[in-house]
Amino acid sequence: MFKNKIILIFFSFIFLFSCSKEIENVSIIKETNQKVEMISAYEKGMSLIEVGDYFAASKKFLEAEILFPQSSWAPKSVLMASYSYYMQDYYSLAIQNLKRYFQTYPKDTNKPYGHYLLAMCYYETIEGEKKDLAPLILSKKELNFIIENFPNTDYAYDSKFKIDLINDILAAKEVYIGRHYIKKKKWIPALNRFKNVLKEYETTVHVEEAIHRLVEIYYKLGMEEESLKYASLLGYNYNSGEWYEKTYKIFNKKYEVTIPESKKEKSKILSKIKSFF
């Protein structure tokens, strides 16, 4: 009885060992097949991108990720799927996919590109200073992240350029709202908006107008000393600009703003063109 039990255990052990070997071999074969299928799907996705079929390409890249999610190709597939969505202007899908990429593959070496692509998805939805600027803020956040964390990449260099453009739009928004407050005679909120342009966006083209508006508002409030302070600042930095001439006219009522001859000629031509309609 005891002997039979030993024989049974022995044969059971051999059977389990042989089964586990067989399962292991099947697993290797299956994994190899999955890898081949995954590479095939990825290459197909790349081919579809080359011919401009981004919709089909995105599907192939996501298929590649599903086929072999533990491989180094999986995060690349997610990024390429996101890029395909981006090229179709499906920014919300691209953003959703990129967020999943950061969560699923936090150690992937292509993260700089992922952040740059995410920034561009937000950037592409910017519609100007009169519209919602939330995507613009998010884009700037991603671009700053790239500059701080991946400073030696090409993405960092381009990010700096994009941030300059974003700052220009943000400054334009401040000026636009400030003008609105002036019309409503809400002087304090208007002052805050124009001061913010000087503080946060001093390298943009909107600084000149912002200083003029500060001169204008302080003068209307009877705070001539403060008004003169900003007028001097404008004169020191922009003494040949159109906003300086307007500022000068605030303190010299009889002064007439001169229109350059080139602009006069353009005005005459424009009026002639209008007369045809």
query: In nm, to one decimal, how far is the modelled label at Lys199 from the one at Thr153, with both set 7 Å along Cα→Cβ?
result: 3.3
task: Give a quick list of trypsin sites (Lys or Arg not before Pro) in the range 92-180 that DSSP marks as loop, anything other than H, G, I, E or B, with at most 12 other Cβ atoms within 10 Å.
output: Lys107, Lys130
query: What percent does the relative contact order of the range 208-253 come to when contacts are Cα pairs within less than 8 Å and at least six residues apart?
result: 41
- request: Only Cα pairs under 8 Å and at least 6 apart count here; give the relative contact order of the range 44-142 as a rounded whole percent.
  value: 19
- request: For the range 175-257, state which GluC sites (Glu not before Pro) are in a DSSP loop and have at most 13 other beta carbons lying within 10 Å of their beta carbon.
  value: Glu202, Glu256
message: Beyond a 22 Å Cα-Cα separation, which of these cross-linked pairs lie in this structure: Lys220/Lys249; Lys44/Lys107; Lys35/Lys59; Lys140/Lys173; Lys199/Lys249; Lys160/Lys246?
response: Lys44/Lys107; Lys199/Lys249; Lys160/Lys246
task: Considering Cα pairs under 8 angstrom that are at least six residues apart, work out the relative contact order of the range 87-208 and quote it in whole percent.
output: 18
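No value in this document is a laboratory result; all are computed from the given coordinates. These numbers come from a predicted model, not from an experiment. Positions of Cβ are generated from backbone atoms using ideal geometry, with glycine treated the same way; all protein chains shown enter the neighbour counts.
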